[in-house]
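Peer 1: Sharing a structure, written as C-alpha cells. Questions coming.
Here, each number is a calculation from the coordinates, and none is a lab measurement. Since the structure is predicted, the reported quantities are computational estimates derived from the model, not experimental observations. Here the Cβ positions follow ideal geometry from the backbone for every residue, glycine too, while neighbour counts run over all protein chains shown.
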Amino acid sequence: MPHPADSLLVRALHGERGTRPPVWFMRQAGRSLPEYRELRVGTRMLDACLTPDLAAEITLQPVRRHRVDAAVFFSDIVIPLRLAGIAVEIEPGRGPVFENPVRTAADVARVTAIDPDVVAANAAPVRDAVRLVASELAATGTPVIGFAGAPFTLAAYLVEGGPSKEHLRARAMMHADPAAWHRLAGWLAEVSRRFLTAQTEAGASAVQLFDSWAGSLSAADYRAFVAPHSRRALEGATVPAIHFGVGTAHLLTDMTLGGVAAGVGIDWRTPLDTAAGILGSGVTLQGNVDPALLQAPWPVLEAHVRDVVERGRAARAHIVNLGHGVPPEADPTVLTRIVEFVKELR
Ligand code: CP3
C-alpha cells in the first residue's frame, strides 16, 4: 500500500524533487465548497471542529473533489485555546472573538496559570477526527497535514479580543511589558505544541505553523519577541514542518527558525526564485499563486501557475499552493483545474 511518508508532499519537504511538484490549497476545506456549506448548516464553526465525524468529512471533501496531494485537517488555530477552557467563538465574516481579552499582566497571569497539558487531555475529538481522516486516506497514501497557529498570530487575536488590522495591542505589549509578553507567547507555544502533537500522534504526516500576521512585525521585533516562541512550538515535532506567514519578505531567513522548518510558505508578493535566492538550498518553498488570479480568465491563470512552477524550480523542492487561503467566493472548479494542470506537468 502507498505510504504517506513516500508521498510527493513529504518527499518535497525532505528536499526531494519528484516527477512534478505536489499541490494543495490553504483553506481548501471551507466556504468555497457548496458541500461544506450544506454540512455546516446549524453547527457553529468551533463545534464543527470538535465533532470528529463532521471535521473528518469536511477535511475529506476537497480531497475527493479536487484530488489534491494532501488533506489539511479541518480545525482552527483557536481550537487549542478552546480546549484550554478559554471562552472563544468564531463570528461568521469576522473571525475569532474572545470574551475576555488578555491585555494586562494580571490577564496574562490568569491565562498562563492554565496547565498546557489540559489541551492534550481534552484533545480526544482532534485525535479522533485526524485518525478517521488518516484511515480513509490510507488506501491512496495521501498525507494529512496538521497545523497550529504561531504564538504571535494567536496573541494578535487574544490580546485584541478579536481581529485587528495592525495588531497594535499585541505589538505594544512586547515593548510595554516584555516579561508579560514572553510569558504569554511562551504559554501559547506550549499550547500549540500540544495541538500539533495530538494531530501527529493520530496520523498527520506533516504540519504547518500559521503565523499569518507576522508580516506586521519589524525584523528586529520578530527576532527578539517571536521567533524563539515559534521555534518552541515546533520543537520535537516528529514530522516535517512548513512555516507560513503573509507579507514576510523581510523575515524569510528568520522564518526558517534555524533549520526547524523544512518548508517556508511564501505569499503572492515575493516571486519564488527571489525567495529561493534569499533562503538557499536548505529549505523547501510552498506557494504562491495569487488568490486574486483565481478570478481571472483561465489562460491568464494558467500562465500565472506555469510561471509560479517555473520560478519554483530555483528552490530545492516546491509545493504548489496559493499565497494565502482560498477566498470564500472562489469558484471551486478553478481550483480543480489548477490541480489537473499541475498533475500534467513533467
Ligand atoms: O486550510 C484549511 O482548509 C483547514 C482549515 C483551517 C481553518 N482555519 C478553517 C476555517 C485553517 C488551517 C485555519 C487557520 C486559521 N484560522 C488562520 C490561519 C490561516 C490564514 O488564513 O491566515 C487564521 C488567522 C484563523 C482564524 C480565523 N478563523 C479567521 C480569520 C476566520 C474567518 C472568519 C470569517 O468568517 O471570515 C476563521 C473561521 C474559519 N476557519 C472558517 C474556516 C473554514 C470559516 C468558518 C465558516 O464557515 O463560517
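Peer 1: Once you've got the GNM for the chain with C-alpha springs shorter than 10 Å, pick whichever of R44, R127, R11 has the biggest mean-square fluctuation.
Peer 2: Taking springs between Cα atoms under 10 Å, the residue moving most is R44.
Peer 1: How far apart, in nanometres, would the label points at A139 and H175 be if each is projected 7 angstrom from Cα along the Cα-to-Cβ direction?
Peer 2: The modelled label-to-label distance comes out at 5.8 nm.
Peer 1: Now for a different question. What is the distance in Å between the Cα centres of region 201-249 and region 121-148?
Peer 2: After rounding, the separation between the Cα centres reads 21 Å.
Peer 1: Taking only Cα atoms, what is the 0 to 90° angle, nearest 10, from helix 332-344's long axis to the longest principal axis of the chain?
Peer 2: Approximately 60 degrees, to the nearest ten.
Peer 1: If you average the C-alpha positions of region 295-346 and of region 76-99 separately, how far apart do those two centres end up, in angstrom?
Peer 2: 31
Peer 1: So what's the back-of-envelope 222 nm ellipticity for the chain, counting only DSSP H runs of four-plus at -39500 (n - 2.57) apiece and dividing by all residues, rounded to 500? Intermediate values should be presented prior to the final figure.
Peer 2: Details: 15 runs with 152 residues, N = 346.
Mean residue ellipticity at 222 nm (helix-derived): -13000 deg cm²/dmol.
Peer 1: Which angle between 0 and 90 degrees, to the nearest 10, do you get for helix 52-66 versus the longest principal axis of the chain when only C-alpha atoms count?
Peer 2: The angle comes out near 30 degrees.
Peer 1: In addition: Between the helical axis of 124-137 and the dominant principal axis of the chain, each derived from Cα atoms, what acute angle in degrees is found, rounded to the nearest 10?
Peer 2: In the chain, helix 124-137 runs at an angle near 10 degrees to the longest axis.
Peer 1: Could you work out which residue, out of G312, G280, G265, moves most in a Gaussian network model of the chain, that is, has the largest mean-square fluctuation with Cα springs under 10 Å?
Peer 2: G280
Peer 1: Here's another thing I want to ask about it. Please list 80-90, 333-343 highest first by mean number of surrounding beta-carbon atoms within 10 Å per residue. Mind showing how you got there, number by number?
Peer 2: Details: 80-90: 19.4, 333-343: 17.0.
The peptides rank, most packed first, as 80-90, 333-343.
Peer 1: Still on this structure, please answer the following. Gaussian network model of the chain, Cα springs within a sub-10 Å range: biggest mean-square fluctuation belongs to which of T284, T197, T51?
Peer 2: Per the Cα network of the chain with a 10 Å cutoff, T51 tops the list.
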